[in-house]
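Computed from the coordinates by the stated procedures, all read-outs in this text should not be read as laboratory data. Keep in mind that this is a model prediction, so the values were computed, not measured. Every residue, glycine among them, receives a Cβ derived from its backbone with ideal geometry; neighbour counts consider all protein chains shown.
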Amino acid sequence: MATIRPGSKQVLMIVDVQVGVMVEAWERQPVIARIAHAVQKARAAGVPVVWVQHTDDEELPQGSAVWQWVPELQPGSDEARIHKRYNSGFEETPLEALLAELGAAHIVLAGAMTNACIRATAYAALERGYDLTLLEDAHTTASFDVGDGRRLDAAQVVLDLNLSLRWLSYPGRRNAAVAVDDFSFAA
């Protein structure tokens with residue numbers, strides 16, 4: 001059973017909105033604009049923003065052009081950065097220690113890719129006892145071939161996770177999927 005995180009402090013967590021990740025992302029520009037709006041709202045409310053960035057030796061080598069954050073989104077000089085090598089932002093990173101230091105009990109999540117790093121980080125947060133709000137219009141993925149001539153549509157993947165995070169139930173935790181404009185940050 002997970003330890004339920006005490007308190008109600010929020011953090012906004014932005015995951016993998018990197019040049020190479022976003023190349024073929026569904027609704028790339030509108031999603032980036034909504035993430036930027038969420039960042040502005042969090043900063044205005046005094047809510048910490050945590051930037052989680054993926055590194056992969058083949059596709060996203062650290063320091064490369066494709067590894068960088070998209071130009072429209074840049075971490076503030078005082079905002080925490082977490083570097084990861086696995087889908088979940090929690091695996092073999094200092095994320096949990098950072099969240100404890102911030103007194104965070106509620107993660108507000110946005111970024112890419114819905115079917116991999118967003119899903120893995122969302123479930124890992126809930127399993128570790130955090131409340132979670134997925135910003136339903138501020139995450140994206142790319143459509144992809146699954147074999148046998150079938151294609152998985154990005155819009156359906158996004159919708160699937162949004163619905164899942166409305167229906168999931170964990171003891172002692174709250175989870176939701178909410179549009180950026182409908183979410184209020186509280187320091």
Computed label-point distance, nm, for sites Arg150 and Ser184 using a 7 Å Cα→Cβ extension
4.4
Counting Lys and Arg as +1 and Asp and Glu as -1 over every other residue whose Cβ sits under 11 Å from the Cβ of Ile4, the net charge comes to +3
Per residue, the convex hull volume that the Cα atoms of region 8-59 enclose (Å³)
86
About its Cα centre, what dipole magnitude does the chain give when the only charges are +1 on Lys and Arg Cβ and -1 on Asp and Glu Cβ, stated in debye to the nearest 20?
620
Label-point separation (nm) for Arg85 and Thr3, each offset 7 Å from Cα along Cα-to-Cβ?
2.6
In the chain, whole DSSP H helices that both stretch 15 Å or further along their axis by alpha carbon positions and average at least -0.5 on the Kyte-Doolittle scale are 28-45, 154-167
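Loop-only trypsin sites (Lys or Arg not before Pro) in region 120-187, please: DSSP not H, G, I, E or B, and at most 16 other Cβ atoms within 10 Å. Walk me through the numbers before you get to the answer.
Numbers: sites: Arg128, Arg150, Arg151, Arg166, Arg173, Arg174; in loops: Arg128, Arg173, Arg174.
Here the trypsin sites (Lys or Arg not before Pro) that fit, given the DSSP loop and packing criteria, are Arg174.
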Please label the shape of the chain as rounded, prolate or oblate, based on the square roots a ≥ b ≥ c of the eigenvalues of the alpha-carbon gyration tensor (a/c under 1.5 means rounded; beyond that, a/b larger than b/c means prolate, else oblate).
rounded
Which of Ile82, Ile118, Ile35 ends up with the largest GNM mean-square fluctuation for the chain, with Cα atoms connected below 10 Å?
Ile82
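State the extension gain, in nm to one decimal, for the chain segment bounded by Ser64 and Ala45, taking 0.36 nm per residue of separation less the distance between their alpha-carbons.
On the way: separation 19, 0.36 × 19 = 6.84 nm, distance 3.29 nm.
Full extension from Ser64 to Ala45 adds 3.6 nm.
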Neighbour counts of other C-beta atoms within 10 Å: give me Val49, Val66, Val146, Val39 arranged from fewest to most.
Val146, Val66, Val49, Val39
How much FRET efficiency would the formula 1/(1 + (r/R0)^6) give for Asp78 and Arg166, where r is the Cβ-Cβ distance and R0 is 41 Å, rounded to 0.05?
0.75
